């Protein structure tokens, strides 16, 4: 039995709509935090995990940011991987009930965020301990992850509201 967003009762649609809005606010606040810590610059992301450059400092200067410790990386990775997995599980369950996006595109949008979670938060380890090129893995996978999030939310909200409007007529 296939259940679609348009088949749900008004109460369930309102709960899902409320959840999507509040979750989007929470994810957006996380992006605001990212903007504040990195200034939307690749060098800001790099400095956040690798610490401030000490090339032009003398022995008495203190860097603005220190390299992230293993414990700090473990905590960041743990919190984000678990949280984003739950977010995309719940969003995916809701999105799977939409009737606007179907087929391989729908499957891609349901699966891709989980790959991006691993690439984004695994990439911070690579950036910190392996090579600067991991910065581009982080940026590209995060862009793709957030695109999927906002696109899926927009489709679900559109369908939940559109049904509400059309059923009021």
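Looking only at the stretch 97-107, how many residues end up being in a helix (DSSP H, G or I) and surrounded by 13 or more Cβ atoms within 10 Å (Cβ to Cβ)?
Number satisfying all stated conditions: 1.
One line per residue, one yes/no per condition, for (1) assigned to a helix (DSSP H, G or I); (2) at pLDDT below 90; (3) surrounded by 10 or more Cβ atoms within 10 Å (Cβ to Cβ):
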| residue | (1), (2), (3) |
| --- | --- |
| 1 | no, yes, no |
| 31 | yes, no, yes |
| 40 | no, yes, yes |
| 49 | yes, yes, yes |
| 54 | no, yes, yes |
| 59 | no, yes, no |
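Only one of (1) under 19 Å from the mean Cα position of the chain (by Cα); (2) surrounded by fewer than 17 Cβ atoms within 10 Å (Cβ to Cβ); (3) modelled with pLDDT under 95 is not met by residue 134, so which one is it?
(2)
Pick out the one residue from 127, 144 that is modelled with pLDDT of 95 or more and in a helix (DSSP H, G or I).
Going through 127, 144 in turn, the sole match is 144.
Given (1) out of contact with any helix residue (DSSP H, G or I) (no Cβ under 6 Å at 6 or more places or on another chain); (2) over 30 Å from residue 46 (Cβ atoms), identify the lone condition not met by residue 136.
Against the list (1) out of contact with any helix residue (DSSP H, G or I) (no Cβ under 6 Å at 6 or more places or on another chain); (2) over 30 Å from residue 46 (Cβ atoms), residue 136 comes up short only on (2).
Show the residue pairs that are 6+ apart or on different chains and have beta-carbon atoms under 6 Å apart, the first residue being within the stretch 134-153 and farther than 22 Å from residue 99 by Cα, the second being surrounded by fewer than 17 Cβ atoms within 10 Å (Cβ to Cβ).
135/42
The values are calculated or read from the model by the stated rules, or taken from the named source; none is laboratory data. Here the structure is a predicted model, which means the values were calculated and not measured. As a convention, Cβ positions derive from the backbone with ideal geometry for all residues, glycine included, and neighbour counts pool all protein chains shown.
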